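Accompanying notes for the structure given below.
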Amino acid sequence: MKPLKVGMIGLGSIAQKAYLPILTKESEWSLVGAYSPTSAKRRKVCRAYRIHDYSSIKDLINDCDAVFVHSSTESHFEVVADCLNRGVDVYVDKPLAATWDESERLVERSERLGRKLMVGFNRRFAPFYVQAKNQANDAVIIRIDKHRIQQSGQPFKVTLLDDYIHLVDTALWFAETTKPSTVGTVHVNDQKQLVFARHSFSEDHKIVTTAMHREAGTHLEQVEVLKSGQVIRVKNLDTLETEKDGRLTIEYPDAWQTILKRRGFHDAVHHFVDSVKGDTPPIIDGREGIKAQRVIEEIIRQYQSG
């Protein structure tokens, strides 16, 4: 069987830090090349990774079985639609598109054309998050926090759609809810930048909360699962704490485990490739991948309506 031919569209920070190091080191597929509208960046990055420098996005798509889309969110609709129309499966950064309406149209198109469409919520593949999720069925309270030091610089809509969406998606995943609520609060400063957000989701006597502070005194990302007789806590995706019967045990990743593995990128990429090769639906297909975006847009609507 010939190796899967994959390409990359967009060569920003996330593409270079997370995806190129994975896509250029595996034998299960062939990375045919990459495209970026910024020619100087494209030539530099492609030369560094010894892959073909595509000056035409259409040429790249035509040479591929699957494409990883890491271009700007505003470009997602046009780029993903073009890939799907040309019979190419797509892995795309969250959010799927700039608006939920555009995202829904892409989902419908992928379903109509029978193409794979996966949204890159990498935390669903982070090993310690997976362990915590597998033990959360009988949880009573689940807390999902992500706090930062002096990172309120972007407009609040951008922060919610680009960063807070990770917390919302993780909450929906842990809660396994089909009808998410949007009870909570958003605090914005005079420059219309997000300072604090907090929301709760309930399902079958289980309460899941999300919280983000952009001007906190710490860089902390944490999932805490409270259940009868036990507390499970994942800190910064690389520390798993379990408190049971008054005893605390702490688990760390294997010393050889990469940061990309810990953060879920490695397994997300492999899951998508396996989905394409095996003709099976990805677990975060388009339909699943837009649930969090719909919640985020409702949060924005509620804030704006006062």
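The values are calculated or read from the model by the stated rules, or taken from the named source; none is laboratory data. Values in this document were obtained by computation on a predicted structure and should not be read as measured data. As a convention, Cβ positions derive from the backbone with ideal geometry for all residues, glycine included, and neighbour counts pool all protein chains shown.
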Checklist entry - Looking at Lys17, is it basic (Lys, Arg), under 28 Å from Val158 (Cβ atoms) and not assigned by TED's automatic domain parsing to the domain that holds Leu160? => result yes
Checklist entry - Of all residues in the stretch 120-136, which are under 18 Å from Leu161 (Cβ atoms) and assigned to a loop (DSSP other than H, G, I, E, B)? => result Gly120, Phe121
Next on the checklist: Glu251 - would you say it is among the charged types (D, E, K, R) and under 15 Å from Lys146 (Cα atoms)?
Outcome noted: no
Next on the checklist: I'm trying to understand the selection: among the residues of the stretch 137-150, which are in a loop (DSSP other than H, G, I, E, B) and surrounded by 17 or more Cβ atoms within 10 Å (Cβ to Cβ)?
Outcome noted: Ala139, Arg148
Checklist entry - Is at least one residue of the stretch 170-184 in a strand (DSSP E or B), in the same structural domain as Asp138 (by TED's automatic domain parsing) and touching a strand residue (DSSP E or B) at 6+ places or on another chain (Cβ under 9 Å)? => result yes
Next on the checklist: Considering only the stretch 114-134, I want to know if a residue exists there that is hydroxyl-bearing (Ser, Thr, Tyr), modelled with pLDDT of 95 or more and in contact with a Leu (Cβ under 8 Å, 6 or more places away or on another chain).
Outcome noted: yes
Checklist entry - Within the stretch 151-160, which residues are more than 14 Å from Ala98 (Cα to Cα) and part of a helix (DSSP H, G or I)? => result Phe156
Checklist entry - Any chance the stretch 210-228 includes a residue that's in a loop (DSSP other than H, G, I, E, B), crowded, with 20+ Cβ neighbours inside 10 Å and more than 17 Å from the chain's Cα centre (by Cα)? => result yes
Next on the checklist: Take the conditions touching a helix residue (DSSP H, G or I) at 6+ places or on another chain (Cβ under 9 Å), outside any loop (DSSP other than H, G, I, E, B) and not polar (S, T, N, Q) and apply them to Asp163. Does it pass?
Outcome noted: no
Checklist entry - Within the stretch 3-40, how many residues turn out to be in contact (Cβ under 8 Å) with a residue 60 or more places away in the chain and part of a helix (DSSP H, G or I)? => result 6
Item to check | Complete set of residues in the stretch 232-259 that are over 22 Å from the mean Cα position of the chain (by Cα) and among the basic types (Lys, Arg) | outcome: Lys244, Arg247
Next on the checklist: Any residue in the stretch 47-64 that is within 16 Å of Pro21 (Cα to Cα) sitting within a Cβ distance under 8 Å of a residue that is acidic (Asp, Glu)? List the pairs, counting only those 6 or more apart or interchain.
Outcome noted: Arg47/Asp53
